[in-house]
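Each reported figure results from applying straightforward, stated rules to the coordinates on display, with no laboratory input. Keep in mind that this is a model prediction, so the values were computed, not measured. Here the Cβ is made from the backbone with ideal geometry for all residues, glycine too, and neighbour counts use every protein chain on show.
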Amino acid sequence: MKLPPLKIGQFTASVPLVQGGMSIRVSTSELAIPVAECGGIGTIGGSSIPLADLQADIRRAKEATKGVIAVNIMFAMKNFYEAVIASIEAGVDMIVTGAGFSRDIFKIGKETGTPIVSIVSSPAFARLAEKLGAAAIVVEAKEAGGHLGTDQALRDIFPEIRKVVKNIPLIAAGGITNGYEMGEMMDKYGADGVQIATRFVLSEECSVSDTFKQALLNARQEDVTLIKSPVGLPGRAIRTPFVEKLNAHLDEISVRKCLYKCLKKCDHVYCISERLLAAKDGNLEDGLFFSGENVYKINDILPVREIFNQFISQAESVYREGSFQPVVS
């Protein structure tokens, strides 16, 4: 059955698929534009890049597509509010935010008419986000790549949050690698859409180094591990020489001087901006390669259009509108 559209605030995506916002410079307009052109929500990673560069990338995307363009900005960033305002001034359609929780962001969203999408990992924060004015909520579970707010699996945590979020779209995220899983989350669990990140790194349009893509493409299940992040949250990444050193000899990589000063609070175990940029450029020795738990299930690099076609056809083969029956507590 045909998938329903995803409406967030005043914007409608004809395909209920959100591309996760990956920083630093992993999710740029080069990826967000084709995602939006395919009917999904294209997301630019807005953390830890100069605001002028962020605004230029947003404007580039908005000029190239009539589709929906979002920016993902971590609350943990020192310039969080400045990045939010800069994104809105540049014409972004909506703001997606996680890695901490901001109450003030909803006031900014209301004053500027900008939908705010909260990434949460618990029923309490989901309930609070809806109460404060979130236009949609992304439920991100332990299977996701990057910074994690829970150790619970998606299929365990999502039903509990579905019980408390009543009036706005609820989007499932973490470990989804194909359309069958997308259809399952919508049909069986009542998701209004899904957010996918790692699958889009393995697209032709993603602008990271080919070495980055090959590292994910070659990853086995046992190559995906948890690391300690200076942000103060655990992170999920590919096991590389840097990760092995991080886990075994912290003193060898401790930061002596902070060059980026990007985080509100940083434990300075290492510079996450430096390591993520190294990964983006393909430095296997020193880079931090964030990845979802199920990356080992992905075995090809495809154009964004083909990824969409596969997800839609697979999801529609299992999705049945109206089949989800909410659990009454």
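Side notes on the structure shown:
- In a DSSP loop and with at most 16 other Cβ atoms within 10 Å, the trypsin sites (Lys or Arg not before Pro) in the stretch 137-171 are Lys166.
- Taking a straight line from the alpha carbon of Lys228, these lysines sit under 24 Å away, with near neighbours fewer than eight places off in the same chain left out: Lys78, Lys142, Lys213, Lys245, Lys257, Lys261, Lys264, Lys265, Lys280.
- Amide N of the stretch 110-128 lying under 17 Å from the label point, which is placed 7 angstrom from the Cα of Asp151 along Cα→Cβ: 121-122
- Distance (nanometres) between label positions extended 7 Å along Cα→Cβ at Glu204 and Asn167: 4.5
- Under a model in which nothing but the beta-carbon of Lys, Arg (+1) and Asp, Glu (-1) is charged, the stretch 210-295 shows a dipole of about 420 debye around its Cα centre.
- Summed residue charge, Cβ within 10 Å of Phe311's Cβ, Lys/Arg positive, Asp/Glu negative: -2
- Positive-end extreme of charge dipole, the stretch 210-295 - chosen from Val269, Val231, Gly282 (charges on Cβ): Val231
- Answer label, with semi-axes √(5λ) of the Cα gyration tensor in Å calculated from the coordinates and candidates [x] 33, 23, 18; [y] 28, 22, 20; [z] 38, 20, 18: [y]
- Each DSSP beta bridge with both residues in the stretch 165-322 is either parallel or antiparallel, and the antiparallel ones are about 60%.
- Computed on the stretch 210-295, with alpha-carbon pairs under 8 angstrom and 6+ residues apart, the relative contact order is 39 percent.
- Debye, to nearest 20: dipole size of the chain, +1 on Lys, Arg Cβ, -1 on Asp, Glu Cβ: 880
- For the chain, calculated [θ]222 nm from helices alone, where every DSSP H run of n ≥ 4 adds -39500 (n - 2.57): -10000 deg cm²/dmol
- Length-normalised contact order of the chain in % [C-alpha pairs under 8 Å, at least 6 apart]: 19
- Inter-part distance where the stretch 170-233 and the stretch 73-104 are each reduced to a Cα centre, Å: 22
- Potential lengthening of the chain between Asp300 and Ala124 amounts to 59.6 nm, from the contour at 0.36 nm per residue minus the alpha-carbon distance.
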